[in-house]
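First comes the structure, then the notes that go with it.
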Amino acid sequence: MSTQGTRIEEKLYQNRYVVDAGKPHIKVRDHDIPSPALKSLVTACPASCYSLNEQGRVEIVADGCMECGTCRVVCAATGEVEWNYPRGGYGVLFKFG
Amino acid sequence: MATIEERFDAIVVGAGPAGNAAAYTMAKAGLKVLQLERGEYPGSKNVQGAILYADALEKIIPDFREDAPLERHVIEQRIWMMDDTSHTGMHYRSEDFNEEKPNRYTIIRAQFDRWFSSKVREAGGIVLCETTVAELVKDTKGHVIGVLTDRHGGPLLADVVVMAEGVNGLVGQRAGLRDELKPQAVALAVKEMHFLPQEVVESRFNLSGDAGVVIEAMGAVSKGMVGTGFLYTNRESISVGIGCIVEDLAKSGVTPYSLLDQFKAHPSIAPLIAGAEVKEYAAHLIPEGGFRSMPAIYGGGWVVTGDAAHLVNSVHREGSNLAMTSGRIAAETIIWLKRRREPCSFDNLAEYRKRLEASFVLKDMRKYQKIPGLLHNNRQLLNLYPRMLSGVAQSWLRVDGKAKRSKETEIFKAVRKQRGLVGLVADGLRLARAWR
Ligand SMILES: Cc1cc2nc3c(=O)[nH]c(=O)nc-3n(C[C@H](O)[C@H](O)[C@H](O)COP(=O)(O)OP(=O)(O)OC[C@H]3O[C@@H](n4cnc5c(N)ncnc54)[C@H](O)[C@@H]3O)c2cc1C
């Protein structure tokens, strides 16, 4: 099985979420050039929430986020990621865990 | 916004195994306990393999087997060292594990946590879900006196706050009680739930009744990173997952989900889950820095338990039992102080640390304190050796007209070429020294 063959969207589709519309719990700080740590989130995030845009900046869409904390830990030293838990009751909802 | 005017004996942050153990123990002893959980229900944010170690729970709820949602009791453990096409296995299966009170069970965390939480309520604890604790409230001397949440206007007050908030531990971190996790001290694990008819699970693993098998896998599956894979049998599903140290993962450029898919596609794993329906994909961190990554675990008006205190024994894949035991011991310490009418001050709560040191929890944490560093600096232990073992086994087993003596020489040469005699001896010594 090839690395590229993995469809993360299909995996996340199985999960249940209660999205807090308009209140993302994770933000990427404004930047011109992302640090290597921030860039690594494009692959390291298990929900593939991070992507590189045409300007070479890192963007986040946190809808599929499983609230693991990896991005906060990876970018702790650079401070490029602002991370909070979603409001109580919102976010991912594991049926099995 | 709701306000709660009462004052509590204890506030517990989090309803995982650590928080539930603490809240249950205190509520049962008659303390006024408030437990806060950010998920819609206890367990909705939690992920585990999951193996439950009965002993830790038995010490809290002796008759848990009567109604706890248990999947299978474990009668067989497999440890697989893998290269790309093979595994070298060490299996232990025993009829002795089919006992009246089995020692290890597979569980499904979202269901288990809900059950445990129902016991907290039965014991008289107040459990509020959908409530995220935002910060700790301190008095002018820095003594913790309560918490602020995202649901209640004013602070909620208590004599002591038990932090059982899990690995991310933002409440304690933001109060300056502990540092941010280090990328080399946490693993990211991803996991899927694969559903199959019960008979299929049983026939694939040679099982009957409630018996189950667990597999731990290392080697090529972690692609050169420090990590392990696992596969556990539940009643009518199989939990499959893999975890790697976050620092390694970020450097590798490998996505966690492709790592999982490649593990699932390994010829030793694929047939075990073939045809299953996947119903969930989950991700969670595991604190794997060991004893040397532990933060302070008590202070004026607060204690920390479970993953938030970095209490995981990654060598033995134990976490939930350390969480429950630390939760129970924290609770017993608080009950003891209450009965003596003594305050939960910094000095008095040192008793929690003392009791934890006397238990298996800190004894095991101390025993393996050198292991995370050893693996960090010696990745060959997890990557080269499984491959080497496979090479040895394969040339030994193939019957190809070569004389056995020349085969032995060949094997020995191949091993020396891959690591060298000095390297082999050094690895052995390093491991022995870290293990002691
Ligand atoms: C993939 C995987 C496999 C594992 N396998 C095993 C295994 O087989 N056996 C084993 O023993 N251990 C295993 N572990 C480890 C085990 O899951 C943990 O050690 C254990 O869950 C720790 O319990 P805890 O109560 O400390 O934390 P958690 O279970 O994480 O519970 C913390 C709780 O606090 C809540 N919370 C957090 N912050 C707040 C806040 N601010 N306000 C309100 N609530 C909050 C969370 O929602 C959560 O319910 C595994 C872990 C993973 C990720």
Proxy exposure order for B:His194, B:His316 (fewest C-beta within 10 Å first) is B:His316, B:His194
Sequence neighbours fewer than 8 away in the same chain don't count; with that in mind, list the aspartates and glutamates whose C-alpha is under 17 Å from B:Lys402.
B:Glu410
Per residue, what volume in Å³ does the Cα convex hull of chain B take up?
158
The Cα radius of gyration of the range B:88-182, divided by 2.2 N^0.38 Å with N its residue count, comes to 1.59
Considering all alpha-carbon pairs of the range B:339-436, what whole percent are spaced by more than 22 angstrom?
56
Would you mind classifying the range B:118-275 by shape? Square roots of the alpha carbon gyration tensor eigenvalues, ordered a ≥ b ≥ c; an a/c under 1.5 is rounded, otherwise it is prolate if a/b is larger than b/c and oblate if not.
oblate
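Pairs of Cα atoms under 8 Å, at least six residues apart: use those to get the relative contact order of chain B, whole percent.
20
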Using the Kirkwood radius over Cα pairs, work out the Stokes-Einstein diffusion coefficient for the protein assembly as shown at 25 °C and 0.890 mPa s, in µm²/s as a whole number.
101
Among the aspartates and glutamates, select those whose C-alpha is under 17 Å from the C-alpha of B:Lys417, and discard any that sit fewer than 8 residues away in the same chain.
B:Glu408, B:Asp427
Nearest 20 debye, what's the magnitude of the dipole of the protein assembly as shown about its Cα centre given +1 on Lys and Arg Cβ and -1 on Asp and Glu Cβ?
1840
Go through the range B:97-107 residue by residue and turn each phi into a ³J(HN,Hα) via Karplus (6.51, -1.76, 1.60, θ = phi - 60°); whole Hz please, and just put x for glycine and proline.
6, 7, 10, 4, 10, x, 8, 9, 10, 8, 9
Ellipticity estimate at 222 nm from DSSP helix runs (n ≥ 4, -39,500 (n - 2.57)) divided over chain B, nearest 500:
-11000 deg cm²/dmol
Note, ³J(HN,Hα) from phi for the range B:408-419, Karplus 6.51, -1.76, 1.60, rounded to Hz, x at Gly and Pro
4, 4, 4, 4, 4, 4, 4, 4, 4, 5, 6, 10
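Would you mind ranking A:Val81, B:Val13 by Cβ crowding within 10 Å, fewest neighbours first?
A:Val81, B:Val13
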Between A:Tyr17, A:Tyr50, A:Tyr85, find the one with the highest GNM mean-square fluctuation for chain A; connect C-alpha pairs within less than 10 Å.
A:Tyr85
Exposure proxy check on A:Thr70, A:Thr78: fewest-to-most Cβ neighbours within 10 Å is A:Thr78, A:Thr70
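Give the residue list of GluC sites (Glu not before Pro) in the range A:1-94 that are DSSP loop and have at most 11 other beta-carbon atoms within 10 angstrom.
Of the GluC sites (Glu not before Pro), the ones in loops of the range A:1-94 whose Cβ has at most 11 other Cβ atoms within 10 Å are A:Glu54.
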Values of log10 I(q)/I(0), in the order q = 0.16, 0.20, 0.24 Å⁻¹, for the range B:17-121 under a Debye, Cα-only, solvent-free model:
-0.79, -1.05, -1.32
Considering only chain B, what is the antiparallel percent among its DSSP beta bridges, to the nearest 5?
65
Please list, ordered by chain and number, the residues whose modelled amide H lies under 5 Å from the amide H of B:Glu76; skip anything fewer than 5 residues away on the same chain.
B:Gly212, B:Val214
Nearby lysines by direct alpha-carbon distance to A:Lys11 (threshold 20 angstrom, same-chain neighbours under 8 apart not counted)
A:Lys95, B:Lys45, B:Lys191, B:Lys264, B:Lys279
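Over 24 Å between Cα atoms: which of B:Lys59/B:Lys363; B:Lys182/B:Lys251; B:Lys59/B:Lys370 fall into that group? Please list the in-between numbers first.
Numbers: B:Lys59/B:Lys363 18 Å; B:Lys182/B:Lys251 14 Å; B:Lys59/B:Lys370 29 Å.
Going by Cα-Cα distance, B:Lys59/B:Lys370 fall outside the 24 Å limit.
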Translational diffusion coefficient, Stokes-Einstein: compute it for the range B:183-287 using the Kirkwood radius over C-alpha pairs as Rh, at 10 °C and 1.306 mPa s, and state it as an integer in µm² s⁻¹.
113
Quick one: dipole size for the range B:290-409, taken about the Cα centre, charges +1 on Lys/Arg Cβ and -1 on Asp/Glu Cβ, in debye to the nearest 20.
500
Based on a Kirkwood Rh over C-alpha pairs, give the Stokes-Einstein translational diffusion coefficient of the range A:24-93 at 10 °C and viscosity 1.306 mPa s in µm²/s.
130
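Taken together, the values in this text are just the output of simple stated rules run on the coordinates, not laboratory data. These figures come from a predicted structure and were not determined experimentally. Neighbour counts are summed over all protein chains in view; Cβ atoms, including those assigned to glycine, are modelled from backbone coordinates with ideal geometry.
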